[in-house]
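Structure first, then comments.
The values are calculated or read from the model by the stated rules, or taken from the named source; none is laboratory data. For clarity, every value in this text was computed on a predicted model and none was experimentally measured. With ideal geometry, Cβ positions are generated from the backbone for all residues, glycine too; neighbour counts draw on all protein chains shown.
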Amino acid sequence: MAAKYELLRETLRKRARHDFAPGEKFPTQRALMSEYGASLSTVDRALRELVADGVLMRFQGRGTFVRKETSVTRPTGNQIALLLARNVTCNAHAFYAEILFEINDRLSAAGCSFAYFYTDESATPRELVRHLTEGGRFRGAILINRIPEELAVELKRVRMPFVVVDNWIDSPGVCCISGDSERGAFTMVDYLIRHGHRRIGFVSTPLHTTFLERYIGYCNALLANGIPVDGSIVQRFFHFESAEADLERILSLPKLPSAFFCANDTMAAAVCKVLNKHHIHVPGNISVAGFDGDYIATQCIPRLTTMEVPRREMGRAAVAALLRQIEGKEAESVVLPVKLLERDSVFNRNTQLEA
């Protein structure tokens, strides 16, 4: 039996194709909730998937609109290059598994085959692109995670259709698909502040791509609430193999943070493990929040409060955008909203203070 959001998604798909002109504004979430008697989460999921499928477009502060082209002709017999940063396939980044599964499924359904390449396998981006374009073997490319900007420049130069996933390259003509990391981080830190936390630490591996956006969101949320950024409780060079040593500086401070915001769930789980080893109870002594909505967030003790990134929608949107480019159509960048998942790792200090 289909889920509620799937039934609503197909109903809205038909409406977008038959009841609205291209470029026309689509009903708001509130209007759709009232019309169909559906919850906010059901309507939001249905709309997100239609955005990922290239049926609708969402613009911050303006609303949702029907795309000028709502149908896509699927090309057949094309091979697509999937260009990965090497960290995408390591255990600490299982985040990418769902993105890759969806990309693979969607490309296969479109009659496309694909091949994987690591971006560091060639000496220069130009050599890699030359290998991809020899003999017209590849019709397009999907670039995933920490991809050198020079590679995008080179692909633009040879006019090969491509899409960037989970990274943002601010360059004309580059189509990027990502979750809203900066806004999501702002929302999470603001959530911690509303739960009585004002001394909030930040933990991340070196700040590249989405982790940099999450750090910016962390800083902006603190400043928006009148809290200065305290570098003494920020660890921007965290390593899983030396987690305890990397956190030692913060844990030896006379005044510990009351909460940690970690750049992803895997780091948050590692932080919880170190705190537990130091007999610092989570969330009783320190709250911990993560990002991504990974499986590990549900297996960690306590279960992690986190921001869920719509990974499957990202994969679907990437393939839809690439197919449009292969057909000679324009493809716009997509920033998908993320969702706060409240679980057990954050303690409401306001309740403690009231008591």
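Structure data summary
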read-out	value
Val271, sole failed condition from (1) within 16 Å of the chain's Cα centre (by Cα); (2) over 30 Å from Leu107 (Cβ atoms)	(1)
Total residues in the range 283-301, condition charged (D, E, K, R) and not in a strand (DSSP E or B)	1
Residue in the range 324-336 that is among the β-branched types (Val, Ile, Thr) and farther than 28 Å from Arg159 by Cβ present	no
Pair list, Cβ < 7 Å and 6+ apart or interchain, from the range 24-37 residues that are touching a residue at least 24 places away in the same chain (Cβ under 8 Å) to residues that are of a type in the set (Phe, Trp, Tyr) and not in a strand (DSSP E or B)	Phe26/Phe20
Sole exception among (1) touching a residue at least 12 places away in the same chain (Cβ under 8 Å); (2) assigned to a loop (DSSP other than H, G, I, E, B) for Ala270, by number	(2)
Residues that are touching a strand residue (DSSP E or B) at 6+ places or on another chain (Cβ under 7 Å), aromatic (Phe, Trp, Tyr) and part of a loop (DSSP other than H, G, I, E, B), drawn from the range 210-267	Phe238
In the range 155-182, residue surrounded by the most Cβ atoms within 10 Å (Cβ to Cβ) [restricted to those that are among the charged types (D, E, K, R) and farther than 26 Å from Thr305 by Cβ]	Lys156
Any chance Val338 is in contact with a Ser or Thr (Cβ under 6 Å, 6 or more places away or on another chain) and closer than 25 Å to Thr205 by Cβ	no
Arg316 vs. criteria over 24 Å from Arg198 (Cα atoms), in contact with a helix residue (DSSP H, G or I) (Cβ under 7 Å, 6 or more places away or on another chain) and either modelled with pLDDT of 95 or more or not small (Gly, Ala, Ser) (or both)	yes
Residue within the range 183-197 that is surrounded by fewer than 18 Cβ atoms within 10 Å (Cβ to Cβ), modelled with pLDDT under 95 and either of a type in the set (S, T, N, Q) or out of contact with any Leu (no Cβ under 6 Å at 6 or more places or on another chain) (or both) present	no
Single unsatisfied condition, Met1 versus (1) outside any loop (DSSP other than H, G, I, E, B); (2) modelled with pLDDT under 90; (3) hydrophobic (A, V, I, L, M, F, W, C); (4) surrounded by fewer than 16 Cβ atoms within 10 Å (Cβ to Cβ)	(1)
Top-ranked residue of the range 198-211 - restricted to ones that are closer than 25 Å to Leu275 by Cα and at pLDDT below 95, ranked as nearest to the chain's Cα centre (by Cα)	Phe211
Filtered residue count, the range 302-332, keeping only those that are charged (D, E, K, R), in contact with a Lys or Arg (Cβ under 9 Å, 6 or more places away or on another chain) and in a helix (DSSP H, G or I)	2
Filter result for Asn350 (outside the structural domain of Arg139 (by TED's automatic domain parsing), farther than 27 Å from Ala97 by Cα, touching a residue at least 12 places away in the same chain (Cβ under 8 Å) and not hydrophobic (A, V, I, L, M, F, W, C))	yes
Pairs, first within 15 Å of Ala259 (Cα to Cα) in the range 333-345, second among the aliphatic types (A, V, I, L, M), C-beta under 7 Å, six or more apart	Arg343/Leu304; Ser345/Val282; Ser345/Val288; Ser345/Ala289; Ser345/Leu304
Failed item, numbered, when Pro302 is tested on (1) in contact with a strand residue (DSSP E or B) (Cβ under 7 Å, 6 or more places away or on another chain); (2) surrounded by 15 or more Cβ atoms within 10 Å (Cβ to Cβ)	(1)
Which listed residue, of Ile169, Ile144, is closer than 17 Å to Phe95 by Cα, under 19 Å from the mean Cα position of the chain (by Cα) and not assigned by TED's automatic domain parsing to the domain that holds Tyr215	Ile144
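Yes/no matrix, rows are residues, columns are (1) within 21 Å of the chain's Cα centre (by Cα); (2) at pLDDT 95 or above:
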| residue | (1), (2) |
| --- | --- |
| Ala297 | yes, no |
| Cys300 | yes, no |
| Thr305 | yes, yes |
| Val309 | yes, yes |
| Leu322 | yes, yes |
| Glu327 | no, no |
| Glu330 | no, no |
| Leu341 | yes, yes |
